[in-house]
Amino acid sequence: THRLQGKNVLVTGASSGIGKSTALLYAQCGANVLLAARRLDRLQDIVAQARQLNPHGAHQAISLDMTSNEDISTILQRSTFPHIDILINNAGLVKGIEAVGDIADDDVALMYSTNVTGLIKLTQILVNHFKQRNNGHVVTIGSIAGIEPYPNGSIYCSTKHAARAFTNSLMKELISTPIRVSEIQPGLVETEFSEVRFRGDTDKASNVYKDLDPLTPHDVAEDIIWVTSRPPHVQTASSLIFPTNQASAALVARPG
Ligand code: NDP
Ligand code: 8X3
């Protein structure tokens, strides 16, 4: 992880879950972290924690709504960072478990604009920035849902398939450059993800992780740190990471 010392890392969705753990672990590894999300108050608390872990680092909280073209297109100008070395495309969400036919247009629009079109817009900006510097690393947080679609998750699963295809095309486009592209594909991780899916119903959300040891956001953060701290000639194209009792989206054991 010495290779992360002094690197500038933009983490989207850094106010909770995987993004928060990732931002803090980067800080601990000596990186400067630009933490982006909608809930700025939360980000400011996390910046304070990052400062404790790496007092010499230049950490910044920046408000970013992935559904806002304006927020995305101004992000580099609004940041105090001179440049970015690593982009972690982590912001994302699922809303509802409705079957096709019953899904509200607003939920479709929110998931697509956050998980797909916002991600594409931000990545284009950072890829141009990386091309100018002839250096950089794009990491997209995909999902097992981007490999194996499941019932009652058609919109979320299709957004993660889109993010996967976009990220993979990008890796192929950048084949002759030093810029790296990676996708991390987690299975069940206990975060606020299921609370958002069940629209705030915490009982339903905690049931998702009942009787198994899910991944923690820190587990996923460790994988992200690993992938981005390899030598420059090493590119992890994808990393599928499950809890030990999970083997596919549908195959989950609950040993109790
Ligand atoms: P959390 O709900 O804990 O965190 C989601 C983060 O995304 C929050 O920081 C939230 O910040 C941010 N976010 C959501 N919508 C927007 C938006 N419109 N603009 C900016 N930021 C936004 O969930 P996770 O940590 O689990 O999710 C992180 C990523 O991991 C997602 O892409 C998710 O799809 C993926 N993933 C999660 C898995 C899991 O089992 N938990 C498994 C596989 C992948 P704020 O609300 O402050 O804007
Ligand atoms: C989240 C994975 O299968 O829990 O991306 O919906 S799943």
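Just so it is clear, none of the values below were taken in a lab; they were calculated from the coordinates. For clarity, every value in this text was computed on a predicted model and none was experimentally measured. All Cβ positions, glycine included, derive from the backbone under ideal geometry; neighbour counts span all protein chains shown.
The set of residues from segment 1-40 being of a type in the set (Lys, Arg) and either part of a loop (DSSP other than H, G, I, E, B) or within 16 Å of ligand 2 (Cβ to nearest atom) (or both) comprises LYS7, ARG38, ARG39.
Reported count of residues in segment 170-187, each being acidic (Asp, Glu) and either part of a loop (DSSP other than H, G, I, E, B) or touching a residue at least 12 places away in the same chain (Cβ under 8 Å) (or both), is 1. Each residue in segment 61-87 was checked for being surrounded by fewer than 20 Cβ atoms within 10 Å (Cβ to Cβ) and in a strand (DSSP E or B), and 1 of them qualify.
Cβ contacts < 7 Å: first residue without any contact (Cβ under 8 Å) to a residue 12 or more places away in the chain, restricted to segment 66-90; second residue among the aliphatic types (A, V, I, L, M) and within 10 Å of ligand 1 (Cβ to nearest atom), any location; separation 6+ or different chain. Result? If the second residue must be among the aliphatic types (A, V, I, L, M) and within 10 Å of ligand 1 (Cβ to nearest atom), the pairs left are ASP71/LEU64. The set of residues in segment 172-215 that are of a type outside the set (Lys, Arg), surrounded by fewer than 19 Cβ atoms within 10 Å (Cβ to Cβ) and away from ligand 2 (no atom under 14 Å from the Cβ) comprises GLU173, LEU174, ILE175, SER176, THR177, PRO178, GLY200, ASP201, THR202, ASP203, ASP211, ASP213. Restricting the first member to segment 237-248 and to residues that are in contact (Cβ under 8 Å) with a residue 40 or more places away in the chain, and the second to residues that are surrounded by 13 or more Cβ atoms within 10 Å (Cβ to Cβ) and of a type in the set (Ser, Thr, Tyr), the beta-carbon pairs closer than 8 Å and six or more apart or on different chains are ALA237/SER182; SER238/SER182; SER239/SER182. Against the test of being farther than 19 Å from ILE144 by Cβ and acidic (Asp, Glu), the options ASP219, ASP223, ASP203, ASP213 yield a single qualifying residue, ASP203. The condition of being of a type in the set (Ser, Thr, Tyr), out of contact with any helix residue (DSSP H, G or I) (no Cβ under 6 Å at 6 or more places or on another chain) and more than 14 Å from ligand 1 (Cβ to nearest atom) does not hold for SER113.
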